[in-house]
Amino acid sequence: ASFADMALLTTVSDICALPLSGLETACTDLDVCSAGLRKQELLAAVLAKSPCAEAVSPEGMAKAFGEAPRPMAVVFLDVDGVLNTPFTEDRPTGRMDPELVVRVV
């Protein structure tokens, strides 16, 4: 079977369920050198080129946000404060740092 036959594998769960031989075939069909790779490495290589990876790529996220109906909101629960700008005297409440938020999205 070729990876084209596996195009119906649209979820991470489907791809994770592939046997070693299926992952090797997929790597071959996707032009990924699989020589010496363990199953987890093969799985990572196939997932990186799968349609489900496209959805969470920067391009895929930009497309999804661009096509989303308005108004749209995103809520972050920043428990440890890593997305906040530093607290300063002139900004005692802290704010979300847009550059850090982009890394999450």
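Accessible surface calculations at 1.4 Å, restricted to protein heavy atoms, place the stretch 18-70 at 64 Å² per residue. Computed with every protein chain present, the accessible area of T11 is close to 60 Å² [probe 1.4 Å].
For the set C27, C16, C33, C52, the ranking by accessible area, highest first and with no ligand, DNA or RNA atoms included, is C33, C16, C52, C27 under a 1.4 Å probe. Shape class of the stretch 12-70 from the alpha-carbon gyration tensor: prolate, with a/c at 1.5 or above and a/b greater than b/c. E24 contributes an accessible area of around 80 Å² to the protein surface, as traced by a 1.4 Å probe with all chains present.
The values are calculated or read from the model by the stated rules, or taken from the named source; none is laboratory data. Because the structure is a prediction, the values reported are computed rather than measured. Note: areas computed on protein heavy atoms with side chains; ligands, DNA, RNA excluded. Shrake-Rupley method; radii C 1.70, N 1.55, O 1.52, S 1.80 Å.
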